Amino acid sequence: MRISRWLSIPTIGAVVIWGVVPTATKFALRDFDPLGLVLLRLIITSFIFFAWLVIAERDWGVKKQDLPLLCLAGIVGAGIFQTLFTVGVNITTASNTGVIMALAPIFTTLVAGATGQDKLRILTLLGVLVSFGGVFLLVEGKGVGIQTKGLLGDLIIIAAAFAWALYPIAAAPLLRRYSVLKTTTYATVLAAVAVLPFTLGSLARQDWSNISVESWIGSAYFIVFGGLVAWWLWGKGIRRLGPTQTMVYYYFQPLVGVAGAIILLAEQLNALQFGGIGAILLGVGLARKW
């Protein structure tokens, strides 16, 4: 395979943007309710994407047989993922969030193998075991008992990583038939509709008068860069490379995430947790036969 096939600038851009999202979300959640923030993000991004679609394309329709894939990409890969991610990062650290989300590429590989889109190998399964061992070290390194709020947040982020892993699996066939803009627009709209009943009350109760500048900046990054720019760039990457190869880039998102948390939030990691990070990166490397 030529190296130029791997050098996807849009995908690299998306990974760098998302690497900072856990830290930005931490700032936003100082004054925003997690569920309200999810709905706010999806409402704004849905409106902008749909307006963009109306202006840029004449054909807005999709085929009926593609609706199940759109629902999987939108409701699960966008809606459920964003909800779990935001709730999880609210009760765990930004650095843990960034590292645990590195499990998403492995989940994508497993699902692709189970559905016949990719071939499962021994190294893939070994990589899964090593990576989950790394997650255990990351959590155990906190030095707290199993019944902790932080541990619950880590488990929620693992669930978010699995939901996110389904997005490229569902989106790849759609992106062969539709534009990145159309696929992303309908996925975002479906996500907003799916989470609306569970998040509307939280957004309605939001106290808009006591939101700090830091929270506004964090929420702006979370919505504009994490919700608009990165999603569009990620779609371009999936369209060019396919789901499995695109997710290779996601392996490096934790490095950006941990660096952002240490620099901006002054989070600290001990030796055991750094060992967990190394194990996760080793595991995902094995899974991709690096």
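Within the set of pairs 6 or more residues apart or between chains, which connect a residue that is touching a residue at least 24 places away in the same chain (Cβ under 8 Å) and more than 15 Å from Val189 (Cβ to Cβ) inside the stretch 39-66 to a residue that is open to solvent by 60 Å² or more (accessible area, probe 1.4 Å) and part of a loop (DSSP other than H, G, I, E, B) with Cβ atoms less than 8 Å apart?
Lys63/Arg177
Just to be sure I understand, how many residues within the stretch 67-90 are under 12 Å from Tyr186 (Cα atoms), among the aliphatic types (A, V, I, L, M) and in contact with a helix residue (DSSP H, G or I) (Cβ under 7 Å, 6 or more places away or on another chain)?
Residues that pass the stated criteria total 6.
Checking the conditions here, which among Gly127, Gly145, Gly141, Gly113 is farther than 19 Å from Thr246 by Cα, open to solvent by less than 30 Å² (accessible area, probe 1.4 Å) and either at pLDDT below 85 or in contact with an Asp or Glu (Cβ under 8 Å, 6 or more places away or on another chain) (or both)? Working first, answer last.
Details: Gly127 fails: farther than 19 Å from Thr246 by Cα; Gly145 fails: open to solvent by less than 30 Å² (accessible area, probe 1.4 Å); Gly113 fails: farther than 19 Å from Thr246 by Cα.
Sole residue among the options that is farther than 19 Å from Thr246 by Cα, open to solvent by less than 30 Å² (accessible area, probe 1.4 Å) and either at pLDDT below 85 or in contact with an Asp or Glu (Cβ under 8 Å, 6 or more places away or on another chain) (or both): Gly141.
Where residues in the stretch 1-31 are touching a helix residue (DSSP H, G or I) at 6+ places or on another chain (Cβ under 6 Å) and not in a helix (DSSP H, G or I), which of them is modelled with the lowest pLDDT?
Of everything passing the filter in the stretch 1-31, Ser8 is modelled with the lowest pLDDT.
Quick check, is Leu84 aliphatic (A, V, I, L, M), part of a helix (DSSP H, G or I), open to solvent by 20 Å² or more (accessible area, probe 1.4 Å) and at pLDDT 95 or above?
Working: aliphatic (A, V, I, L, M): yes; part of a helix (DSSP H, G or I): yes; open to solvent by 20 Å² or more (accessible area, probe 1.4 Å): yes; at pLDDT 95 or above: yes.
Criteria met by Leu84.
The values are calculated or read from the model by the stated rules, or taken from the named source; none is laboratory data. As the structure is a prediction and not an experimental result, all values here were calculated from the model. Quick reminder, even Gly has a Cβ in these numbers, built from the backbone with ideal geometry, and neighbours come from all protein chains shown. Note: areas computed on protein heavy atoms with side chains; ligands, DNA, RNA excluded. Shrake-Rupley method; radii C 1.70, N 1.55, O 1.52, S 1.80 Å.
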